[in-house]
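One structure is given below, encoded as structure tokens.
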Amino acid sequence: MDSYLIPRISGLALKVWRRNWDVFFKTYQVNFLPPFIEPVLYLLAIGFGLGMFVGEIDGVPYVNYIAPALLAISMMNAAFFECTYSSYVRMYYQKTFEAMIATPLSLDDVVTGELLWGATRSLIYSSVMLLVLTVFGVVDLPLSLLIIPFSFLGGLLFACIAMCFTAITPGIDALNYPSFLFITPMFLFSGTFFPLTVLPPTVQVLAVVFLPLTQLVIITRSLTLSSISPLFLYSLIWIILVTVLFFVISLRLMRRRLIV
Amino acid sequence: MKPVINAENLTKRYGSLVAVDTINFSVNQGEMFGFLGPNGAGKTTTMKMIQCISPKTSGHLTVFDRDVDTHPREIKRMLGVLPQESNLDPDFTCFENLTNYARYFEIPKSEAGDRADRLLSFVQLEEKRDVPIEKLSGGMKRRLLLARALINDPQLLILDEPTIGLDPQGRHLIWEKLKALRAAGNTIVLTTHYLEEAERLCDRLVIMDDGKILVEGSPQDLISKYVGSDILEVEHTPSVTACLDAMNARYEIFGDIVQVHTAHPREVAKDLFEHCNPGRVFARPASLEDVFLKLTGRVLRD
Ligand SMILES: Nc1ncnc2c1ncn2[C@@H]1O[C@H](COP(=O)(O)OP(=O)(O)OP(=O)(O)O)[C@@H](O)[C@H]1O
Ligand SMILES: [Mg+2]
């Protein structure tokens, strides 16, 4: 049994990534719509609409303040929903993982490929969104271009967390729990639409220490406003360490679920 | 020559359930080897251990002389697998299913396309080349799965109920293809519930029940060893059984039918007609089905 404990990751993971890429581009018209529409809706309704009353936050126009949050949220959503619902459908209903592991691919390759794809989806969405935000003139160039490589890392973090839920969920409906209890609150309380400083100090600390989206927002906001937060490095290291941790856990949990 | 698959005291437990119970078998190069047995006998579990997708609990299992625990990648590279439950990719067409699968074996793109077209015509699905999977009938899916199993030009095929749900034409088509593959030197392991199929195709087979191998041998050997060459079916009446007892015949009672196992059907029939008024007597050659039912009983498995 021991030999089943050693991670077995190889370049073949990219073949899994490629499979998902091919399927994505088969229906690209549908897939590219949300990242175009979403930021426009948020910018109009919240940025310009609500922004009328808010005016400025920390000397920054409200639209410019929320623009990086929209990018961070899109990274989170793209990878998280890809690696929960979509991965679950492939794993459980379509038996795609089963078909793959009957080839030279190991289960670790399959899971790694899925995670890389989830991160790629974040990259695609954030890049499209960045384009829209640039057209609206609410992000600083050229520093904001760093969002593109960063969105892969940010996406990978959420992909790894998502895959852990996928590995332990009893069914597809139970995936609603992490969506409502984890993603939705984070969407609101990570310094996205208002600064964390307005919250009670304990909540602030919890958000900075535990919430992944907080880290993403700290980094994206530093880049789009060209003003590097004192927490920038902390957040970057946080993201890398937690990604590695959840990557390892997701491999373990998936093996426990599928290798019987 | 070394066997292609060698299993010694192979055991698989799922929790407290023993699905495969210390079985021993070996499959030789170029042979068509069958696994028969009632539902839940442990056939699929055995196939999955050979495919390196389900770890054995104990015992020894090598494929191409490599240990399944330590060399899964190398083994899987040489294997073609047709699973019991279809797992074709519903996001792709027939052709794409094959080319995408070819990528997992690192087959270059143009080569993969050629092979995919060749295999689609091999299983007579050229017309469905660009059709999505959901538009295929059950039998077509089975054939496409066979094509997919062949995409890497495997040296060993593991087919878990390859002809399940096929119409007679489809079944004959697959039989023909399997014979062609064996003639080309492939080693083939298959499971089936169709005993006629096993009798026609397999060089050797095992009958499993409850995780154990009951018997092993060629279909003909098993038939002559366990039931004799012919079978007489006679209505079950007290006078018939009394007669058969007096003749010292080998027989079994299944409800209102008595089956007499014999190598001399004419003589037995003549004796019966002369001495005990048997009503209708029906003679036929013994089949693998008779061996199967004799060894595993007639009670339905859950
Ligand atoms: N993943 C699993 N977890 C727990 N038990 C299992 C699992 N897979 C199979 N079993 C059990 O192992 C036993 C053997 O199952 P297996 O699928 O190998 O039978 P089989 O001979 O292929 O049957 P069938 O002819 O119905 O396909 C059965 O009792 C089954 O319930
Ligand atoms: Mg089975």
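Summary value for segment B:5-219: 30 percent relative contact order, contacts being C-alpha pairs under 8 angstrom separated by 6+ residues. Relative to the dominant Cα principal axis of chain A, helix A:13-26 is inclined by about 60°.
By accessible area, using a 1.4 Å probe on protein heavy atoms only, the protein assembly as shown has 60% of its surface on carbon and sulfur. Binning the C-alpha pair distances of the protein assembly as shown at 10 Å intervals from 0 yields a P(r) profile of 3, 15, 21, 19, 14, 11, 8, 4, 3, 2, 0, 0 %, listed from the shortest bin outward.
Roll a 1.4 Å probe over the protein chains and send me the accessible area per residue for chain A in Å². All intermediate terms of the calculation are to be shown ahead of the outcome.
Values: 11130 Å² over 260 residues.
Value for chain A: 43 Å² per residue.
Cα centroids of segment A:163-221 and segment B:83-108: 38 Å apart.
Where a ≥ b ≥ c are the square roots of the eigenvalues of the C-alpha gyration tensor, would you call segment B:52-200 rounded, which needs a/c under 1.5, or, failing that, prolate if a/b is larger than b/c, or oblate? Taking the square roots of the gyration eigenvalues as a ≥ b ≥ c, segment B:52-200 is oblate.
By DSSP, what percent of the beta bridges with both residues in the protein assembly as shown are antiparallel, rounded to the nearest 5?
Working: 38 of 55 bridges.
The antiparallel fraction comes to roughly 70 percent.
In degrees from 0 to 90, rounded to the nearest 10, what is the angle of the helix A:147-168 Cα long axis to the longest principal axis of chain A? Tilt of helix A:147-168: around 50 degrees. Packing, as the average of other Cβ atoms within 10 Å across residues, places the peptides A:192-203, B:50-61 in the order B:50-61, A:192-203, highest first.
Sequence-distant contacts, meaning Cα pairs under 8 Å at least 6 residues apart, place the relative contact order of segment A:34-82 at 33 percent. Over chain B, dividing the summed -39,500 (n - 2.57) contributions of all DSSP H runs of at least 4 residues by the number of residues returns a 222 nm mean residue ellipticity of -11000 deg cm²/dmol. Measuring from centroid to centroid over Cα atoms, what is the spacing of segment A:62-124 and segment B:213-267 in Å? Between the Cα centres of segment A:62-124 and segment B:213-267 lies a distance of 62 Å.
Comparing each chain alone with all protein chains together (probe 1.4 Å, DNA, RNA and ligands left out), the residues of segment B:68-89 losing at least 20 Å² of accessible area are B:D69, B:P72, B:R73, B:K76, B:R77, B:V81, B:E85, B:N87, B:D89. Of the residues B:S239, B:L293, B:G34, the one whose Cα sits farthest toward the positive end of the charge dipole of the protein assembly as shown, with +1 on the Cβ of Lys and Arg and -1 on the Cβ of Asp and Glu, is B:G34.
Taking K and R as +1 and D and E as -1, what net charge do the other residues with C-beta under 11 Å from the C-beta of A:S10 add up to? Display every interim value, and only then the final one.
Working: positive: A:R8, A:K15, B:R73; negative: A:D108, A:D109, B:E106.
Net local charge, A:S10 excluded: 0.
For segment B:228-286, what is the accessible area per residue in Å² when the probe is 1.4 Å? Working shown, then result.
Numbers: 3480 Å² over 59 residues.
That works out to 59 Å² for each residue.
Comparing each chain alone with all protein chains together (probe 1.4 Å, DNA, RNA and ligands left out), the residues of segment A:73-96 losing at least 20 Å² of accessible area are A:Q94, A:K95. The angle separating the long axis of helix A:62-81 from the principal Cα axis of greatest extent in chain A is about 10 degrees. Dipole magnitude for segment B:228-286: computed about the Cα centre from +1 point charges on Lys and Arg Cβ and -1 point charges on Asp and Glu Cβ, it is near 140 debye.
Stokes-Einstein D for segment B:51-102 at 25 °C, 0.890 mPa s, Kirkwood Rh over Cα pairs, in µm²/s? Translational D for this selection: 189 µm²/s. Shape class of segment B:230-302 from the alpha-carbon gyration tensor: prolate, with a/c at 1.5 or above and a/b greater than b/c.
What accessible area per residue comes out for segment B:57-138, rounded to a whole number of Å², with a 1.4 Å probe?
Values: 3770 Å² over 82 residues.
With the other protein chains kept in place, segment B:57-138 gives 46 Å² per residue.
Summed over both chains, the area buried between A and B is near 2600 Å², taken from the accessible surface of protein heavy atoms with a 1.4 Å probe. By the rule of a C-alpha distance below 17 Å, with chain neighbours fewer than 8 residues away ignored, the lysines paired with B:K56 are B:K12, B:K43, B:K48, B:K76, B:K212.
Around A:V23, what is the net charge, scoring Lys/Arg as +1 and Asp/Glu as -1 over all other residues with Cβ under 14 Å from its Cβ?
On the way: positive: A:K15, A:R18, A:R19, A:K26, A:R90, A:R121, B:R103; negative: A:D22, A:E82, A:E114, B:D89, B:D91, B:E96.
With Lys, Arg at +1 and Asp, Glu at -1, the net is +1.
Remark: relative contact order (segment A:9-258) = 25 percent; criterion is Cα-Cα distance under 8 angstrom and separation of 6 or more residues. The alpha-carbon atoms of chain B define a convex hull whose volume equals 158 cubic angstrom per residue. Plainly put, chain A has a radius of gyration that is 0.99 times its Kirkwood radius, both from alpha-carbon atoms, as the Rg/Rh ratio.
The values are calculated or read from the model by the stated rules, or taken from the named source; none is laboratory data. Values in this document were obtained by computation on a predicted structure and should not be read as measured data. Cβ atoms come from the backbone with ideal geometry, glycine included; neighbour counts cover every protein chain shown. To get the accessible areas, we keep the full protein, side chains included, count just its heavy atoms, and leave off ligands, DNA and RNA. Shrake-Rupley method; radii C 1.70, N 1.55, O 1.52, S 1.80 Å.
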